[in-house]
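Presented below is the structure to which this report refers.
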Amino acid sequence: MVKIENPINNKDIAIHKFFLSFVLFSLILLLLIAPVLHLDLSNLVLLIMSTGCLFMLLRAASMLRLAYQIPMTIKRYFCPGADSGLSGLKWRHVIVVPIYKETLETIESTVRSLSLHRSSASNYVILCAHEKADINHEEKFRHIHDALADRFLGLIKSVHAIAPQECPGKAANVNHAVRSYAASQDEWYFSGTMVTVIDCDTLINEYYFYELERKATAVANPHSVIFAAPAFFEINRGKVPCFVRAVDDLWSLAGAANIFSNSKLGFPISNYSLSLKMLDEMGYWDVDHDSVGEDFHTFIKATVKLDEDVWLIPIGIPMNNENVIGHTYTNSLFARYSQAMRHALGIASTAYLFKHILSSTFRLPDPP
């Protein structure tokens with residue numbers, strides 16, 4: 001049975017999460033009122049700069065962890081003979097491909113790359129999440145279905161129409177698609193189904209799913225974990241301005257450092273996996289304007305809605321995405337700026353977090 005809406009759960013928030021959020025809110029408030037009260041904040045600014053340096057050192061430590069884990073994962077799967085002992089996948093993998101303005105070539109490239117995986121026919125359900133506002137959605141899906149449907153366990157289409165209370169974007173589209181799929185399944189399937197959300201231009205190596213299952217087996221409760229892989233932009237980097245490449249490379253490094261944090265707390269970036277059972281228990285995705293940053297918001301919502309402590313587990317198989325591109329050099333720059341603005345809107349999830357912190361108790365977290 002699909003849970004359409006979960007009541008607010010007074011989740012025990014870990015003490016360090018509460019402390020960090022409280023400090024951030026207090027500093028912002030103090031900076032706003034200081035000019036009015038004629039306060040000298042030079043020492044405070046020095047403290048903030050020192051804290052920033054410490055943060056950078058912690059990020060550097062995360063990058064070292066990244067630099068260690070990815071080569072080890074590559075060695076596990078890509079060295080000669082390394083994959084000879086791999087058995088078939090054991091989970092059903094629902095891969096959600098949100099589609100709106102993307103070209104047919106981009107969509108087909110993503111889905112076709114998945115069709116080449118050895119377990120695609122036995123384990124993959126491709127969920128093409130279309131928007132009704134895309135007038136060509138029927139033609140796009142028909143082409144993909146006719147060409148590739150027989151290579152998957154399932155190739156399913158959903159069409160989402162924006163409701164008045166919804167914020168247009170990936171969260172609303174993915175939420176509608178996965179809810180519709182879950183409503184057609186028996187509930188006992190949920191605990192054996194892993195949902196992987198990607199961007200429409202994401203290319204995934206098949207070993208991602210083997211590593212995902214290996215990590216899921218290694219944790220005590222795979223239904224309280226979000227799995228995330230770093231994303232790099234390599235597909236079309238030779239076709240975009242160097243400024244766009246530089247910004248996306250920095251974004252990739254920042255996201256990777258966040259995912260490989262030693263605390264096992266962080267935010268997935270665009271592409272991530274979690275079980276269908278976990279999604280059902282947390283009430284799927286929020287679709288209002290607090291959830292613009294759908295990937296960030298997913299981890300926060302899971303943390304405040306579920307009784308279990310939620311952790312982010314990194315997957316050392318990077319995913320490959322396209323750089324944003326326009327028809328001209330200038331259009332590409334403006335497109336990247338617009339994308340950065342959309343990313344910045346994810347700050348709306350901070351208000352969501354504060355709202356739940358103020359109505360929750362806190363405790364020390366249990367280790368994963």
Report task. Test Ser261 against the stated conditions and say whether it is closer than 21 Å to Ala171 by Cα and small (Gly, Ala, Ser). Result -> no
Report summary line: For the range 259-269 the number of residues that are surrounded by fewer than 23 Cβ atoms within 10 Å (Cβ to Cβ) and farther than 9 Å from Ala228 by Cβ is 5
Report task. Report whether or not Ser62 is within 27 Å of the chain's Cα centre (by Cα), of a type in the set (Ser, Thr, Tyr), modelled with pLDDT under 75 and within 28 Å of Ser252 (Cβ to Cβ). Result -> yes
Report task. Check Ala129, Ala183, Ala133, Ala172 and return the single one that is under 23 Å from Thr298 (Cα atoms), in contact with a Phe, Trp or Tyr (Cβ under 8 Å, 6 or more places away or on another chain) and touching a residue at least 24 places away in the same chain (Cβ under 8 Å). Result -> Ala172
Query raised in the report: Within the range 206-217, can one find any residue that is hydroxyl-bearing (Ser, Thr, Tyr), surrounded by fewer than 20 Cβ atoms within 10 Å (Cβ to Cβ) and not in a helix (DSSP H, G or I)?
Result: no
Query raised in the report: Restricted to the range 288-320, and to residues that are among the aromatic types (Phe, Trp, Tyr) and under 21 Å from Val96 (Cβ atoms), which residue is surrounded by the most Cβ atoms within 10 Å (Cβ to Cβ)?
Result: Phe296
Query raised in the report: Failed condition for Glu281, given (1) more than 14 Å from the chain's Cα centre (by Cα); (2) surrounded by fewer than 21 Cβ atoms within 10 Å (Cβ to Cβ); (3) more than 30 Å from His356 (Cα to Cα), with all others met?
Result: (3)
Report task. Check the range 269-282 and report whether any residue there is touching a Phe, Trp or Tyr at 6+ places or on another chain (Cβ under 8 Å), within 19 Å of Lys170 (Cα to Cα) and of a type in the set (Lys, Arg). Result -> no
Report summary line: Only one of (1) at pLDDT 90 or above; (2) in contact with a Leu (Cβ under 8 Å, 6 or more places away or on another chain); (3) of a type in the set (A, V, I, L, M, F, W, C); (4) more than 20 Å from Arg112 (Cα to Cα) does not apply to Ala183, and that is (2)
Report summary line: Only unsatisfied item for Ala163, checking (1) in contact with an Asp or Glu (Cβ under 9 Å, 6 or more places away or on another chain); (2) surrounded by fewer than 14 Cβ atoms within 10 Å (Cβ to Cβ); (3) hydrophobic (A, V, I, L, M, F, W, C), is (1)
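The values are calculated or read from the model by the stated rules, or taken from the named source; none is laboratory data. These numbers were taken from a predicted model, which means no experiment stands behind them. We place every Cβ from the backbone using ideal geometry, glycine too, and count neighbours over all the protein chains shown.
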